[in-house]
1. Looking only at the stretch 256-295, which residues are among the β-branched types (V, I, T) and within 20 Å of the chain's Cα centre (by Cα)?
2. Regarding E205, is this residue open to solvent by 30 Å² or more (accessible area, probe 1.4 Å) and farther than 19 Å from L103 by Cβ?
3. Among the numbered criteria (1) outside any loop (DSSP other than H, G, I, E, B); (2) of a type in the set (A, V, I, L, M, F, W, C); (3) surrounded by fewer than 19 Cβ atoms within 10 Å (Cβ to Cβ); (4) at pLDDT 95 or above, which single criterion is violated by F49?
4. Considering the stretch 53-108 alone, what residues qualify as being among the hydroxyl-bearing types (S, T, Y) and either touching a residue at least 12 places away in the same chain (Cβ under 8 Å) or touching a Ser or Thr at 6+ places or on another chain (Cβ under 6 Å) (or both)?
5. Would you mind stating whether H171 is open to solvent by 60 Å² or more (accessible area, probe 1.4 Å) and in contact with a His (Cβ under 9 Å, 6 or more places away or on another chain)?
6. If you take the residues of the stretch 63-74 that are out of contact with any Asp or Glu (no Cβ under 7 Å at 6 or more places or on another chain) and of a type outside the set (D, E, K, R), which of them is nearest to R165 (Cα to Cα)?
7. Determine whether the stretch 203-215 contains at least one residue that is over 15 Å from G292 (Cα atoms), part of a loop (DSSP other than H, G, I, E, B) and modelled with pLDDT under 95.
8. Are any residues in the stretch 101-123 open to solvent by less than 10 Å² (accessible area, probe 1.4 Å), over 15 Å from F59 (Cα atoms) and not polar (S, T, N, Q), and if so, which ones?
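The values are calculated or read from the model by the stated rules, or taken from the named source; none is laboratory data. A quick note: this is a predicted structure, and the numbers were derived from the prediction, not measured. No Cβ is skipped: glycine too gets one built from the backbone with ideal geometry, and neighbour counts run over all protein chains shown. Ligands, DNA and RNA are stripped out before the accessible areas are found, and what is left, the full protein with its side chains, is counted by its heavy atoms. Shrake-Rupley method; radii C 1.70, N 1.55, O 1.52, S 1.80 Å.
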Amino acid sequence: MITLIPHEQRHPVDLLHPQHPVDLLHPQEQQQRPVRVRRVWASNVDLEFSIIAQVLPRFPMVSFDTEFPRCTVLPQKPHYLLSADERYAFLKANVEQSKLTQLGLTLFDADGNLPGVGEAFIWEFNFCDFDVRRDLFDYNSDGIDFRMLFLKGIDPCRFAECCHRAGLLRHCPCCPTAAEWIAFSSEYDFGYLVKASSLDQRLPETLQEFLLQVAYLFGNFLDVKNLMRHCDGLFGGLEKVARTMGITREVGYPHEAGSDSLLTARVFLEMKKLCFDDEETDMARYRNAIWGFRV
């Protein structure tokens, strides 16, 4: 006989990982559940990563989005006229002199199901590194409590360590990772995570070294912006692409990291269904390529 623990008495891991098959929901029911953003600070980061480590094998696809100050180092000519090495030079300069404020993670499976029983969960991590008194920035600060970030946020280096322990990032090239990373126009997303993973908080000197470091840490990844090349009639940013495809936000607002990570997952899954008949063959050329640097 199985005794079910009342919902309010369950440990957070139990709420994400059903105790018995009777708790499992059909895919259609899973996608109709309300979504809750689990907001992560320094005080609960270890607990939340323990949950992520437990559910990752079952939900191995990881879409992510970062929020950070707008670029303050800008080129003197249009972006499309820059070489890949020139674009990387501006990426490196902006990432090194500014700070990450939020990162959103959505874990899902091939059918788009999210972890959670009763309600689905995604994550939004808040970082302490940004200081408005010290750092250069050009930021629309609506809805952002910089004081709360500074006082209660997570150190980015600690976040990177937790990612390694949870199995999201690799320790060495021969170590497998359960995760397949999904992002939209991912150069700055990967840039800030590579920076967090480095001892001196700097990016590699050259584009080639940066691409090798991304491959070393993340293993397999897809940039949805690259996949758009395979789909007629899709252009613009994440919000515009989602509207074109008839996808609405399930939670939150634009430029909230958790909400954008979930929208990225939904756009990716719909794009895969509509535009890629032979997923393995058609997607092969886009794998492990960062928008603007290769393909």
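1. T264, V267, I290
2. yes
3. (3)
4. Within the stretch 53-108, S63, T66, T72, Y88, S98, T101, T106 meet the criteria.
5. So H171 fits the description; yes.
6. The residue in question is S63.
7. No, the stretch 203-215 has no match at all.
8. Within the stretch 101-123, L103, G104 qualify.
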